[in-house]
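Participant: Here it is, the structure in full.
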Amino acid sequence: MQDLFPGIDEWGPEKVVAVSDARTGMKGVLVIDNTARGIGKGGTRMSPTLTVGEVARLARVMTWKWAATDLFFGGAKAGILGDPAGADKEQVVRAFARKLSNEVPEEYVFGLDMGLTENDAALIQDELGFRGAAVGLPAVLGGMPYDELGVTGHGVAEAVATSLEIDGVALSGARVAVQGFGAVGAATAERLAKLGATVVAISTSQGALHDPDGIDVPALLRLRATHGDACVQHYDSPTLPLGTELTTDADVLVPAARQDVIDLDLVEQVKARFIVEGANLPVTQGALRALHEQGVRIVPDFIANAGGTIAASFSMDARQSAFRPDTDAVFATTSDKIRANVLSVTEKSRAEELLPHDAARALAQDRVRRAMEVRGGNKRT
């Protein structure tokens, strides 16, 4: 689980908590990065390859994401080392929640990320014994199941539409490739198809599909409901090697799977004119610079995929309430905030000749810095 820890700088992290449980074999970590603007809030992921450095990087993304959306929570992230499909998942998740009972909910509130579902949020709340330990609960428990609703993917699609509009490109008929067909990628593809885009490539962990005339997204979604990631193998088209979706001929590429999938070695093969980051950290720093120099329009992750974060803020407000958050308000707020942020970041990037990520980070950092200063935390000790 250990790897190269990114270290401590002026922003954080404030706290790193590594936990384990001998009975279940659970190993996990919580990174609270910066709480100048509010309590630590971020998703919890479960992966057999999880590292401390990975969680720390993602916690920093959450710091910028909360600030960029101008919502008053702090950056944090948690992770469990393990197989999300394992038979012992419930016991491991419960053990992880117990071990963090000192931090939850005073310093951190659980959310959902890769490998965890709404049902796992329910387990966490049940284990800790109080409402408010986790967000993303099933609707039957009064929660806002934003993964099930596809809020993050809805926001990514809004980012795609806005980025194209800025450059005067019509979304209707635009060719889109989506890497990943999980909660984010599936919702993004579904929304873009409804808006008139042509989804020409989709991938899961089991392979990639490519059809220049357009993939039948509703049909693939039905297959996904039955077969999961193996849906691509049941679709009426040959399965291609993973990575095909990243280099296919498309106007827009949406990497919505894992971090660091587009590196310098792949840059020359990327044909898309727009990249909208559905996943966190899907493009390496070197590749971001090279793509920018080639004129590729990039929408940063913590701008494009903030829909789940915005939905979580509604759930945070409703943690002690008997009323379920207003779904229509969640989608409307997500659209408004993401569209406004894409426009602001694009304008700043072009006016100041900055990489889009640097422009977005500058906007977020200014908000965090001012919060640190008024709280007397402008200098870390």
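The values are calculated or read from the model by the stated rules, or taken from the named source; none is laboratory data. Bear in mind that the values here come from a model prediction, so they are computed numbers and not experimental data. Cβ atoms come from the backbone with ideal geometry, glycine included; neighbour counts cover every protein chain shown.
Participant: With the requirement that a residue be surrounded by 22 or more Cβ atoms within 10 Å (Cβ to Cβ) and either small (G, A, S) or free of Cβ contacts under 8 Å to residues at least 24 places away in the same chain (or both), what does the range 288-312 give you?
Facilitator: A304, A306, G307, G308, A311, A312
Participant: Restricting to the range 169-196, name every residue that is under 20 Å from F331 (Cα atoms) and either crowded, with 22+ Cβ neighbours inside 10 Å or within 21 Å of the chain's Cα centre (by Cα) (or both).
Facilitator: Taking the range 169-196 first, the residues under 20 Å from F331 (Cα atoms) are 171, 182-196.
The answer is G182, A183, V184, G185, A186, A187, T188, A189, E190, R191, L192, A193.
Participant: Taking the range 48-65 as the region of interest, how many residues are buried (at least 19 other Cβ atoms within 10 Å of the Cβ), of a type outside the set (F, W, Y) and more than 11 Å from the chain's Cα centre (by Cα)? Step through it out loud before you land on a result.
Facilitator: Kept after step one, since they are buried (at least 19 other Cβ atoms within 10 Å of the Cβ), are these residues of the range 48-65: 50, 52, 54-65.
Now restrict to residues that are of a type outside the set (F, W, Y): 50, 52, 54-63, 65.
Those left that are additionally more than 11 Å from the chain's Cα centre (by Cα): 50, 52, 54-57, 59-60, 63.
Matching residues across the range 48-65 total 9.
Participant: Go through the range 159-183 residue by residue and tally those that are within 24 Å of T117 (Cβ to Cβ) and at pLDDT 95 or above.
Facilitator: Of all residues in the range 159-183, those within 24 Å of T117 (Cβ to Cβ) come to 178-183.
Okay, now just the ones that are also at pLDDT 95 or above, so 178-181.
Of the residues in the range 159-183, 4 are within 24 Å of T117 (Cβ to Cβ) and at pLDDT 95 or above.
Participant: For the range 353-375, give me each residue that is basic (K, R) and in contact with a helix residue (DSSP H, G or I) (Cβ under 9 Å, 6 or more places away or on another chain). Talk me through it step by step, then tell me what you get.
Facilitator: Filtering the range 353-375 for residues basic (K, R) gives 361, 367, 369-370, 375.
Those that are basic (K, R) and in contact with a helix residue (DSSP H, G or I) (Cβ under 9 Å, 6 or more places away or on another chain): R361, R367.
Participant: Inside the range 217-247, can you point out the residues that are crowded, with 16+ Cβ neighbours inside 10 Å and basic (K, R)?
Facilitator: Residue satisfying the conditions is R224 alone.
Participant: Residues that are out of contact with any Asp or Glu (no Cβ under 9 Å at 6 or more places or on another chain), at least 3 per element: which helices (runs of 4 or more DSSP H) completely within the range 70-179 meet that?
Facilitator: Correct list: 118-128, 151-166.
Participant: When the range 262-287 is examined, which residues are found to be under 18 Å from V200 (Cβ atoms) and buried (at least 20 other Cβ atoms within 10 Å of the Cβ)?
Facilitator: Of everything in the range 262-287, those that are under 18 Å from V200 (Cβ atoms) and buried (at least 20 other Cβ atoms within 10 Å of the Cβ) turn out to be I262, V270, A272, F274, I275, V276, G278.
Participant: Can you tell me which residue within the range 87-97, out of those that are under 26 Å from A139 (Cβ atoms) and of a type outside the set (D, E), is surrounded by the fewest Cβ atoms within 10 Å (Cβ to Cβ)? Let's see the steps before the verdict.
Facilitator: At the first step, the residues of the range 87-97 found to be under 26 Å from A139 (Cβ atoms) are 89-94, 96-97.
Next, from what is left, pick out any that are of a type outside the set (D, E): 89, 91-94, 96-97.
On the way: K89: 20, Q91: 16, V92: 23, V93: 27, R94: 19, F96: 30, A97: 25.
Among those residues, the one meeting the criterion is Q91.
Participant: OK, next. So is R350 out of contact with any helix residue (DSSP H, G or I) (no Cβ under 7 Å at 6 or more places or on another chain), within 21 Å of I166 (Cβ to Cβ) and not assigned by TED's automatic domain parsing to the domain that holds F130 or not?
Facilitator: Working: out of contact with any helix residue (DSSP H, G or I) (no Cβ under 7 Å at 6 or more places or on another chain): yes; within 21 Å of I166 (Cβ to Cβ): yes; not assigned by TED's automatic domain parsing to the domain that holds F130: yes.
For R350, the condition - out of contact with any helix residue (DSSP H, G or I) (no Cβ under 7 Å at 6 or more places or on another chain), within 21 Å of I166 (Cβ to Cβ) and not assigned by TED's automatic domain parsing to the domain that holds F130 - is met.
Participant: Given (1) touching a His at 6+ places or on another chain (Cβ under 6 Å); (2) closer than 23 Å to N280 by Cβ, where does D260 come up short, assuming only one miss?
Facilitator: Unmet condition: (1).
Rundown of residues vs (1) surrounded by fewer than 23 Cβ atoms within 10 Å (Cβ to Cβ); (2) closer than 26 Å to T334 by Cα; (3) out of contact with any strand residue (DSSP E or B) (no Cβ under 7 Å at 6 or more places or on another chain); (4) not assigned by TED's automatic domain parsing to the domain that holds L30, yes/no style:
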site: A67; (1), (2), (3), (4): no, yes, yes, no
site: F72; (1), (2), (3), (4): yes, yes, yes, no
site: A85; (1), (2), (3), (4): yes, no, yes, no
site: P105; (1), (2), (3), (4): yes, yes, yes, no
site: F110; (1), (2), (3), (4): no, yes, no, no
site: T117; (1), (2), (3), (4): yes, yes, yes, no
site: A122; (1), (2), (3), (4): yes, yes, yes, no
site: L128; (1), (2), (3), (4): yes, no, yes, no
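Participant: Test E14 against the criterion of being of a type in the set (D, E) and either free of Cβ contacts under 8 Å to residues at least 12 places away in the same chain or surrounded by 16 or more Cβ atoms within 10 Å (Cβ to Cβ) (or both), and give yes or no.
Facilitator: Numbers: of a type in the set (D, E): yes; either free of Cβ contacts under 8 Å to residues at least 12 places away in the same chain or surrounded by 16 or more Cβ atoms within 10 Å (Cβ to Cβ) (or both): yes.
Answer is yes for this residue.
Participant: Which ranges mark the strands (runs of 3 or more DSSP E) fully within the range 1-47 that have 2 or more residues being modelled with pLDDT under 95?
Facilitator: Numbers: elements: 15-21, 26-34, 40-47.
So the answer is 40-47.
Participant: Out of all the residues in the range 248-259, which are at pLDDT 95 or above and surrounded by fewer than 18 Cβ atoms within 10 Å (Cβ to Cβ)?
Facilitator: D249
Participant: How about the range 336-372: which of its residues are among the aliphatic types (A, V, I, L, M) and outside any helix (DSSP H, G or I)? Reasoning before the result, please.
Facilitator: As a first pass, look at the range 336-372 and keep what is among the aliphatic types (A, V, I, L, M): 338, 340, 342-343, 345, 351, 354-355, 359-360, 362-364, 368, 371-372.
Listed by number, the residues that qualify are L354, L355.
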